[in-house]
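What follows is a single structure, written as structure tokens, with notes after it.
Read-outs throughout are calculated quantities, based only on the coordinates presented, and are distinct from any laboratory measurement. Because the structure is a prediction, the values reported are computed rather than measured. Here the Cβ positions follow ideal geometry from the backbone for every residue, glycine too, while neighbour counts run over all protein chains shown.
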Amino acid sequence: MSQGLVDIKNALLSADSILIIAHTQPDGDTLGSCFALHEALCSMGKNADICCDGLVPAKYVELFPNDIIKTPNAVTKSYDTAIALDCADKARLGKSVKVFKKSVKTINIDHHITNDKFAKTNYIKEASSVGEIIFELIDIMKAQIGKAVALYLYIAISTDTGNFTYSNTNKNCLTYVSSLVEHIDIRAVADILFRRRSLASTKLIGRAISTLELYNDGKIASLTITQSDLKQIGATSADCENIVDYAREIEQTKVAVFFREIPHGVKISMRSKDEVDVCAIAQLFGGGGHKNAAGCCISGKMDDAKKKLLGSLMEIV
Ligand SMILES: [Mn+2]
């Protein structure tokens, strides 16, 4: 048992009021972790709230009771303890940073090894997800794991591991999830998380695939969406998420690129396989990311942006 987590358990169980903070542009891990901890603390009679500078994404709305989350502006009282979950740095708190700073005790639980330890108490551990760490914390707290906690932890762990397929999927998280499944209808939840999309994003995938272009013997595959595509289909930028994967999944693709027209320029998402470093290419254009997943923006017209980016890519692939 980790002493760091025991200290956090003691801090939470002796706190008068606790504010749990999710990161901006919240994802399944930060939301699932916040709601699981909130539910566990409330079940033990603690006074806890959740705060987030950002809306719950449409696809998660039915999984999380929306009236529990407070926006930073709606937080009027002060909490003696604030705990940030899945935030690699203070900037990820967004406007919630002002309520975080007001608390006497601040705690930061995260699984990004780049975390800059911005709180007074920091617990940074390499784990599949923060959900995995919250499972351990709830276990140490000896809180009951019922339907709600099981659902939230499953959402956190399954989304951050790409439905248990990414390289961060480990024995720990699979063991924990195996003890959660008796409480949840895994097929129904997985349907919502992984096998359902809006009509607009379905139409957008079709439009994007119809623009497929191949370069360097198919090692580079690109997809393109313009603002008029979005308008015609009635889709939003949120519907463009993961479109690049349709190019990445082609057998011979080494680098997949998704070009999306934005006001005054082009937003570019890149995915690569193996040793191809698309982060280095993104950095040439002022962007960044990881070796196999990176992005940047290029101002100006679509044709010029494509020419510039593909030109650089063709030199390395
Ligand atoms: Mn995470």
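How far, in nm, would the chain grow between Thr76 and Gln252 when pulled straight, counting 0.36 nm per residue and subtracting the alpha carbon separation?
Extra length available between Thr76 and Gln252 comes to 57.9 nm.
Taking a point 7 angstrom from the Cα of Glu62 along the C-beta vector, which residues in the range 172-209 have backbone N less than 15 Å away?
Answer for the range 172-209: 185-199.
Count the net charge of all other residues whose Cβ sits under 14 Å from the Cβ of Pro263, scoring Lys and Arg as +1 and Asp and Glu as -1.
+3
Between Gln3 and Lys273, what FRET efficiency comes out of the Förster formula 1/(1 + (r/R0)^6) with R0 = 41 Å and r the beta carbon distance, rounded to 0.05?
Using R0 = 41 Å, I get an efficiency of 0.50.
Going from the alpha-carbon gyration tensor of the range 3-194, what semi-axes, largest first and in whole Å, does one get by taking the root of 5 times each eigenvalue?
24, 18, 17
Could you order peptides 28-37, 208-217, 256-265, 101-110 by the average number of other Cβ atoms within 10 Å of their residues, highest first?
28-37, 101-110, 256-265, 208-217
Nearest 10 degrees, 0 to 90: what angle lies between the long axis of helix 28-43 and the longest principal axis of the chain (Cα atoms)?
Approximately 10 degrees, to the nearest 10.
Under 17 Å from a point placed 7 Å out from the Cα of Ser14 along the Cα-to-Cβ direction: which residues of the range 133-148 have their backbone N that close?
Output list for this probe position: 141.
Applying 1/(1 + (r/R0)^6) with R0 = 41 Å to the Cβ-Cβ distance of Lys219 and Asn172, what FRET efficiency is obtained, to the nearest 0.05?
About 0.65, to the nearest 0.05.
With n ≥ 4 as the cut-off for DSSP H runs, can you work out [θ] at 222 nm for the chain, using -39500 (n - 2.57) per run divided by the number of residues, rounded to the nearest 500? Intermediate values should be presented prior to the final figure.
Working: 12 runs with 123 residues, N = 317.
That calculation yields -11500 deg cm²/dmol at 222 nm.
For the range 198-317, what proportion of DSSP beta bridges, expressed in % and rounded to the nearest 5, is antiparallel?
Taking every DSSP beta bridge with both residues in the range 198-317, the antiparallel ones total about 80 percent.
Students often check this: by mean Cβ neighbours within 10 Å, which of 15-24, 89-98 ranks highest, and how do the rest follow?
Put in order of decreasing packing, that is 15-24, 89-98.
When DSSP assigns beta bridges and you keep just the ones with both residues in the chain, what percent turn out antiparallel, to the nearest 5?
The antiparallel proportion sits near 45 percent.
Which whole-angstrom value gives the distance between the alpha carbon centres of the range 48-106 and the range 197-222?
Between the Cα centres of the range 48-106 and the range 197-222 lies a distance of 36 Å.
Note down the net charge around Cys297, summing +1 for each Lys or Arg and -1 for each Asp or Glu among other residues with Cβ under 10 Å from its Cβ.
Here the charged neighbours net out to +2.
Just from the alpha-carbon atoms, what are the Rg and Dmax of the range 199-316 in angstroms?
Cα-based Rg and Dmax for the range 199-316 come out at 13.2, 38 Å.
Once you have the Cα-Cα distance between Cys42 and Ala190, take 0.36 nm times their residue separation minus that, and quote the gain in nm to one decimal.
50.7 nm
Along the principal axes of its C-alpha atoms, what lengths does the range 221-280 span, in descending order and rounded to whole Å?
Principal-axis extents of the range 221-280 (Cα, largest first): 36, 23, 16 Å.
Any chance you could give the angle, 0 to 90 degrees and rounded to 10, that helix 171-180 forms with the longest Cα principal axis of the chain?
The angle comes out at about 60 degrees.
For the range 19-61, I need the span (max minus min coordinate) of the C-alpha atoms along each principal axis, in Å, sorted largest to smallest.
Extents along the principal axes: 30, 17, 14 Å.
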